[in-house]
Structure formats: C-alpha cells, structure tokens
Amino acid sequence: MTNTTKPILSIRNLTVALPVKIERANAVQNLTFDVRPKEILCVVGESGSGKSITSLATMGLLASSLRVTGGEIEFDGRDVLTLDQAEHNALRGDRMAMIFQEPMTALNPAYTVGDQIAEVFRVHRDYDGDERRKRTLKLLEEVRLPDPERLYNSYPHQLSGGQRQRIMIAMALALDPKLLIADEPTTALDVTTQKQILHLLKQLNANHDAGIMFITHDFSVVAEIADRVVVMRHGQIVEQGTAQEVLSNPQHPYTRALIDAVPRRAQDRDHVVSEHPVVIDVQNLNKTFHTAGSMFKKSRTVSAVKNISFQVRRGETLGIVGESGSGKTTLVRCLMRLIDPDSGAINISGVDFASQTSAALRQHRKDIQIVFQDPYGSLNPRRTIGSQLIQGAINFGVSREEAWDRVYKLLEIVQMPKYSVHRYPSQFSGGQRQRLCIARALVVNPKVLIADEAVSALDVSIQREVLKLINDIRDRLGLTVIFITHDLRVAAQICDEVLVMKHGEVVERGGVGRIFTAPEHDYTKALIAAQPGQDWEIPMMAEFAPQAAARKVGTL
Amino acid sequence: MSTLENNSLEPMADAPVLSPGKVMLSHAKSHRGLMLGGLVILTIMLVAIFAPLLAPHDPYAQVLSRKLVPPVWFDSSKATWDHILGTDHLGRDYLSRLIYGARISLLIGFSAMLISGVIGTVLGICAGYFGGRVDMVISFLITTRLSMPVVLVALAVISIVGSSLTVVIWVIGLLIWDRFAVVVRSATQQVRGLDFVASARALGSSTPRILFSEVMPNISNHVIVIATLEMAHAILLEAALSFLGLGVQPPTPSWGLMISDAKGLMFFDGWLIAVPGTALFLLVLAINLVGDGLRDVTAPEDRN
C-alpha cells in the first residue's frame, strides 16, 4: 500500500547520544523515516534497539541524560527539536498523543477515568464542564466501552487491563491528534484482549486522519496491523518498507533472523502416547483463596484451582495454557507445595506431595524443580552465581567437590562460560539469567522441571534459544517438563500435550496438533482465533538464506 | 545469522567481577556527606581509643585552686595553654574529660545499637518471613513498645534497678529496637515474595538457611542504615539520662554529665555547656551524615 500524501511526521538523520559508559555511543543513530496520515507505521525491534527512545524524542519526553546530537524531527511542518517546553506542552495531547505499555501506571489512580479524559479538554480547549463531559462520553463510546455513564465515574483499579488501555486510547484520541504514538500498547494484555485493542486501533485509524506510529517487538502484531514497517537494531534502521515487502520478502539478515524466530503455528502432528511410566499423577486438586473481610470490603472466596486431574509420562512436555488469572501459577505452586492445596493428591514418582508434612517433604523436593518467569527476581542479587548453583546439591548432602563438578557440567549444558560462577547476577542479561536458573534447577538431578512462563520476559530470538535448550535438556536428561505459558504459539513449539485452563478449570486437553487444528471448547477456539498475524504466511527463511539452514546446532 | 547470537553471549571473561559490595564502595567513595561524616567518626573513635595517650591531664584529678579556668581563646588572665579547654567547677581539665567522655558515648552508642539491632532484626525477620500469627504477636510487641515513652520508662527502670554503665546500655538497648523491627519486617516481606526464595525452598534449603543466605544479605542495607540512626539516638538518650542524673554516674566523664554539671553555671560560664554540647552535636551529626550517605549508596535505584 503506497501512500503519497505529505508525511505528518518526518524524522531525518536523528541521532541521540547515550550518556558515557554504555556499550554503544548513540541510543539512536541516523534515523530517517516518515509517518503519513491514515497510515500505521510499525517500528519493530528487540529490547535495547532504541525504538522507545525514538518515540520519546518525538514527544519531547527524553530523559535529561539523553541528548539529541543531530538530525531533525519535522512534525506538521515544524522541527519539534527546536520547540521550547511551553510549545511542546501545547503540542502534546493536542496534535500528537501517546499510548503507553502499562495502562495501570499510565493512569492516575486517584482520579476517575472520566475526569482524566476530561482533563485533556480542560488543558487544551475552552469547553465548559457540560461540553467536556459530553465529549468524554462520546469518546468512551467510540472506544467501545460498555456503559459509558458508569465508567465515567470509575477509578482505574476498577477496570480490567483491556478497559484501561481503551481509556488510554480515548484520552489519546480526545483532540483528534494528527500523530498517535503507541508504545507496545498490547504487550501487557492477554491475547484475546490484544486482539480487540488491535482491531479497535485499526478501525479508529480508518475513521480518523491520524498517522499511527506503533512500537512493538512482535512480528505477528506487525502482520496484523502494519501498513509500513521499520526494523531497528542497536539504534539503527536495518530495513524499512511496506508491510507486504518486509513480511514476505525480508532483505536484511537481522530481519530474517527475527522473522525466523517467530513461533510457527503447530504442524498437524500426531500425539503419540508414550509407553514410559507416569511421573506426575494429579488427582482432584483444589485450592481456594479466601480474603478476609473487613469493615470496608466483603470477604471473597476465589477458586484458583478447581478439581484438576492429569498425568504426565516420563520424557513428555505438558503445556498448561491460560490467560492471566486462569490459575496456572497457583496450580504449579501447589504441585511444588510452595503453597498447600486444599484437597487432592499429587503423586510425583511415587511420593504424595500433597499429604507429606513439610519436614518430610524436604528430602523429596529435589524431584521437582522450577524456573520462574522473571529472570531478574529469581536470582539472589547478593550472592555469586556459583554459591547459588551449588546450594541445592549441598542441601541434599552432595560433597562440595562433586557439587562443583555438577555445576561446571551444567554450565556447559546451558552454554554458559565457567567463569560465570564468580560473578553476580547483575552482570548477566535476561536470557543468560534464565540459563543460569535452569542450571540451578538441574543441579539436584530433578525428575520434573516446571517452567513457569520461563520465556515470556525474553526477546523472541532469545526465547527461541531458551526453548530449544529446554527441549535438548529434556531429551538428554530424560526429564519431564511442565511448561506454563499464556502464549499458545510458544506452547505449540515445545509441548506434546496441552491443558487449556480458564478460571481454575481445565477446559480442554489434547495433543498440540489436535488442539490447534480442531479445538473443541469455545474458549480454546477464541484463544486460537485471537493469535495475531493469522493471515501471515510466515516465509521459510531457509528459502532465502542458505546460511540459516547451515546454522550450527546449539550455537548461541 | 550470527547477528542474533551476539545478543545472548557477549565475551566478558576479562570484565571485572562487580560484586554488589564493590559497586557500593565505589558509590560511597564519591559521596561527600558520607566521607565527611565517616572522617569525623573515625577521628572521634581514634581519640577514644588512644584517650590515655592524648589526654593532657588525669580526667578525675581535681585541683580546686584552678577551678573554672576558661578556654585559651578567652581574653582572661586565668586562661592558660595548660588547660586548652579550661577546667570545670572542680578544677578538672575539660579537654581530658571531653576525650574520655568520647569513650563513654561511643561505648554506649555501639553497645546499645548492637543489642537493639539483634533484637529488632530477629523480631523483624520472623514477623516478615513467617507472617500470620507470628507477625500478629510481633506487631503487637512493636506497637506496645512504640506506645511507651522512652525517657520515662528508662528513668523509671533506672531509678528502681540503680544506675551503672551496664544498666544504662541494657536499658537503652532494650528500648530502641522498634525501628529495626519495623523496617526489617517490611523489607523481609518484600524479599520473601521474590522467586529466588521460592527456588531455595524448592531446592530443599532449610528455613534458617533461607533466612541467613537468601533474606539477610538482601536486607542488610536497611539494617546498616537504621543502625547508624539508632546509634545516634542511643548517644543522645545517654546524654539525656546523664543530664537528668540517672545515666552514667559521676565522676565518670560523660558528655551528658558534663552538660548536667555545668547547668548551674550556664549564665556565667556558657562555654562549660557549649564545649561538650558541640562535641555531642558533631558526633551525632557525623553519624547521621553516614546514615544518610549509606541510604543514598544502597538505594535501590543505584543498584544495578
């Protein structure tokens, strides 16, 4: 789709310098691209690629330690870099607006959402109170929020994530801006909500004249909404073009690598029931949370896990898929007895984890290990990697020498250098930390490894490497893996069987191929339909780049 | 395809090992308040340790014929370099008493801080980590303690038990653990929820092990900061008790006692109060500077 109208935003040779001491000199270097009216331009890149800095520079919201050292940002015929603070303020919210990633923190919890939208009118327009209210209600209607009158008087904490993001969009659209910058607006949302928001943005884009600069790391989202695409890496543009060109015929090796890392839809492969013994046998597991009532609120009872039963055989990977609040994390924490289930049996290689006292349980804990989602919270920042890795083995009476032996062997398996043991967690990147967490879990020779959203916080390319590592380790060590994720695409890559959870219940269970091609439950269908980029036929990179096929297994 | 791989594993074999301690030390070195406060405390500590070598006179020796000699900078015929800071109402050398008084202040400050630190940290960790009933009981203890006026309770206890250095240290130490407990409790609650604690449990670490090697290192910053503030608190409390006549007993040289002795002569020889008052002020200021500095240095936003 070519659009020849005059660009609304035109960035020319933009360079933003980083404060000293950081690995590269410029956060953004020699950036040049345009955003035209009625167009959705996707800026794609992994973390640290400079995409957010670009959007902040455009809004005039750069942190004071960052300086623009060259280039211009022409918006609506004027270079915004030469504007002073007051002129910027007049521009922001009025002619250019921004939607942030985290809708909870972007809204002020102390005001009703209606007042926060009306505030935009109060600052930029001379409308009286009635007019402001009328326009706000109209906006709430436009972003398809149910019952605008009631929502007007709601506080942010009373709304769901998707509703909050709609409020943010309403606020951004209030004055019909010419440029809308959306910085990862759907990353914090569930897939089904993400689908609705993307749909809404597309619709609004058709009805308004605004150009949208959409920042994302997810190529599937790009495939869903982009007209044109800019791919960034290390602060530089590596490729730009129409969505059609970039998605189906990427030119730059980095773009190809990124697209290659996008999880594919599952092939229709048969789920072979293995003959291996059952390692995990869960029967009728229940867990209910009670919040005590007080003078101001009623007591609540939430069933996080309702009557769940399943078995996993040795060497299998079971995926547990569900959106936030579906009870999947509670389920695994019960499995590990990090929290106590109310009733039910958990049989892990012959030991009933549910009925043991916690003292008796300690010696069996090594059978089941976990890797958590947040690579930054799961390593103790104040102990060396070595002392954290060796701890588990020492706890189970392994001699120090043997424990170090194991640690070094595991570091090799997770492809981390030996000298890692002397370092502290702060010296490692997210992907590296996740590898170290895997090594820590494996040091006690577990039978079961649980990965609780273990790759959700990682960039796609690193995500892919870690998934591959988990697969390799499973085959090599004969582990049984329970893989918790909100992302069906990820589950499809690694799991043999999938449990789909909703509100604490298993709604569907089956082999990966079957779940994807012939889902039975409505919720599973909705989840699959909500995956972005459905129509995108992901090109096979091997056809483009011979070097991709020749890639060495296990190189990282 | 090598393009992606650079992301995940950059060469760092020769990069320096940045322990959180080292990072903090380098922050500390560039913090002016911390360095200044540290220097003052260090000086006072050295003076206290080497008091017998530094003091020009015996701090207990009374020379009644040379009482109330003003400090040298006073334009008086009695002022002499023999008594740089003059003498008190019993003719004891003021500088020597000041130097020996530093020992008492620091001794009480350190000991009371240690006692209260141990009590408060243990209670705080237990309350924060175990939660539930334990937390309820400990929170009740903290509230009880907070509702007692420190000086009144100290006065009551000391007047019953009798006054000595040890009693003063124990009374102060047993009275000022509340802030340790409150801060450690909330810090522990935060650390308890982190994934590495859950990992340690999954790896079979015992509860004491988790408290010592997972929780403690992550709350030690808070403990150190509170410790400095409580030390200043203890020193001031001792001075107040001594001033009221229930702290350290004469003739032991204590800064609070020196102020108390001088109160009758306040309007005639003001320096008698000004000299120990200044010393007290400098020490407490320095400790607070260090406390503030440590808080800046260990602040989460500074940590990488």
For segment A:426-445, which residues satisfy the criterion of being facing chain B (nearest Cβ under 9 Å), within 19 Å of B:Val197 (Cβ to Cβ) and not basic (Lys, Arg)?
A:Ser426, A:Cys437, A:Ala441, A:Val443, A:Val444
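Anything in segment A:361-405 that is among the charged types (D, E, K, R) and closer than 23 Å to A:Ser426 by Cα? List them, or say none.
A:Asp374, A:Arg382, A:Arg383
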Elements of type helices (runs of 4 or more DSSP H) in segment A:110-207, at least 1 residues being closer than 23 Å to A:Arg489 by Cβ and open to solvent by less than 10 Å² (accessible area, probe 1.4 Å)
A:161-173, A:191-207
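Residue by residue through segment A:413-472, note down the ones that are of a type in the set (S, T, N, Q) and open to solvent by 20 Å² or more (accessible area, probe 1.4 Å). Spell out the reasoning first.
Step one: of segment A:413-472, the residues of a type in the set (S, T, N, Q) are A:415, A:420, A:426-427, A:429, A:432, A:434, A:445, A:456, A:461, A:463, A:471.
If the condition is that a residue be of a type in the set (S, T, N, Q) and open to solvent by 20 Å² or more (accessible area, probe 1.4 Å), then A:Gln415, A:Ser426, A:Gln427, A:Ser429, A:Asn445, A:Ser456, A:Gln463, A:Asn471 are the ones that fit.
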Answer yes or no: is there a residue in segment A:515-523 that is assigned to a helix (DSSP H, G or I) and modelled with pLDDT of 85 or more.
yes
Unique residue being buried (at least 16 other Cβ atoms within 10 Å of the Cβ) and hydroxyl-bearing (Ser, Thr, Tyr) when the list is B:Thr121, B:Thr43
B:Thr121
Just a yes or no: is a residue in segment A:443-459 in contact with a helix residue (DSSP H, G or I) (Cβ under 8 Å, 6 or more places away or on another chain), part of a helix (DSSP H, G or I) and not hydrophobic (A, V, I, L, M, F, W, C)?
no
Considering segment A:156-188 alone, what residues qualify as being out of contact with any helix residue (DSSP H, G or I) (no Cβ under 7 Å at 6 or more places or on another chain) and more than 30 Å from A:Thr485 (Cα to Cα)?
A:Ala172, A:Asp176, A:Pro177, A:Lys178, A:Leu179
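Return yes or no: is A:Phe33 closer than 30 Å to A:Lys134 by Cα, among the aromatic types (Phe, Trp, Tyr) and in contact with a strand residue (DSSP E or B) (Cβ under 9 Å, 6 or more places away or on another chain)? Full working, then the answer.
On the way: closer than 30 Å to A:Lys134 by Cα: no; among the aromatic types (Phe, Trp, Tyr): yes; in contact with a strand residue (DSSP E or B) (Cβ under 9 Å, 6 or more places away or on another chain): yes.
When the stated conditions are applied, A:Phe33 does not pass them.
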If we ask which residues in segment A:317-329 are modelled with pLDDT of 85 or more and open to solvent by 20 Å² or more (accessible area, probe 1.4 Å), their number turns out to be 0
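A quick yes/no check of all residues on (1) more than 26 Å from the chain's Cα centre (by Cα); (2) away from every other protein chain (no Cβ under 14 Å):
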site: B:Val134; (1), (2): yes, yes
site: B:Val153; (1), (2): no, yes
site: B:Gln189; (1), (2): no, yes
site: B:Ser206; (1), (2): yes, no
site: B:Pro217; (1), (2): no, no
site: B:Val223; (1), (2): no, no
Scan segment A:450-472 and tell me whether some residue there is within 11 Å of another protein chain (Cβ to nearest Cβ) and farther than 28 Å from A:Val222 by Cα.
yes
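Rundown of residues vs (1) part of a loop (DSSP other than H, G, I, E, B); (2) among the basic types (Lys, Arg); (3) in contact with a helix residue (DSSP H, G or I) (Cβ under 9 Å, 6 or more places away or on another chain); (4) within 10 Å of chain B (Cβ to nearest Cβ), yes/no style:
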| position | (1), (2), (3), (4) |
| --- | --- |
| A:Ala354 | yes, no, yes, no |
| A:Arg362 | no, yes, yes, yes |
| A:Ile370 | no, no, yes, yes |
| A:Asp374 | yes, no, yes, yes |
| A:Pro381 | yes, no, yes, yes |
| A:Ile390 | no, no, yes, no |
| A:Glu402 | no, no, yes, no |
| A:Leu410 | no, no, yes, no |
| A:Tyr419 | no, no, no, yes |
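The values are calculated or read from the model by the stated rules, or taken from the named source; none is laboratory data. Since the model is a prediction, treat every value here as computed from it, not as a measurement. Note that each Cβ is placed from the backbone with ideal geometry, even for glycine, and that neighbours are counted across all protein chains shown. Heads up: the accessible areas ignore ligands, DNA and RNA and are worked out on the full protein's heavy atoms, side chains in. Shrake-Rupley method; radii C 1.70, N 1.55, O 1.52, S 1.80 Å.
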